[in-house]
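The values are calculated or read from the model by the stated rules, or taken from the named source; none is laboratory data. This one's a predicted model, so the numbers in the text were calculated from it and none came from an experiment. Positions of Cβ are backbone-derived with ideal geometry, glycine not excepted, and every protein chain shown enters the neighbour counts. We work out accessible area using only protein heavy atoms, side chains counted, and drop any ligands, DNA or RNA first. Shrake-Rupley method; radii C 1.70, N 1.55, O 1.52, S 1.80 Å.
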Amino acid sequence: MIITCSDMYEGRLAVRQLRGETDCEEQNLRLMELILEHQHDLLNKSTIDGRTPLMICIDEGFLNGIEYLLKQPDLVRNACDSTGNTAIHHACM
């Protein structure tokens, strides 16, 4: 299954809804892998409040997603959200 959406906010809502409906983290990880395989530029895209996929995974406690994202060589680890917090800050909150 491939999800494409021209509106980034709508796309993230769809992925969040699918994640909420699917209780299996392995399927969630596979979905993330598929999306990033086909739209690699989403790796560092941020939401309207500046959160990156890494920050979202941290906030949601999605450990498999965090591990997968940290293995990506193009991941920007020190990005800041709209309040100036990085992924490390999100992990500590």
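Would you say Arg77 is of a type outside the set (Gly, Ala, Ser), over 10 Å from the mean Cα position of the chain (by Cα) and assigned to a loop (DSSP other than H, G, I, E, B)? Spell out the reasoning first.
Values: of a type outside the set (Gly, Ala, Ser): yes; over 10 Å from the mean Cα position of the chain (by Cα): yes; assigned to a loop (DSSP other than H, G, I, E, B): yes.
So Arg77 passes the test.
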For region 80-89, which residues satisfy the criterion of being open to solvent by 40 Å² or more (accessible area, probe 1.4 Å) and not in a loop (DSSP other than H, G, I, E, B)?
Ile88, His89
Which of the residues spanning region 40-69 are under 11 Å from the mean Cα position of the chain (by Cα), within 19 Å of Gly84 (Cβ to Cβ) and not in a helix (DSSP H, G or I)?
Lys45, Ser46, Thr47, Arg51, Thr52
Name the pairs: first residue in region 57-79 and surrounded by fewer than 16 Cβ atoms within 10 Å (Cβ to Cβ), second residue of a type in the set (Lys, Arg), Cβ to Cβ under 8 Å, at least 6 apart or on different chains?
Asp59/Arg51; Glu60/Arg19; Leu70/Arg77
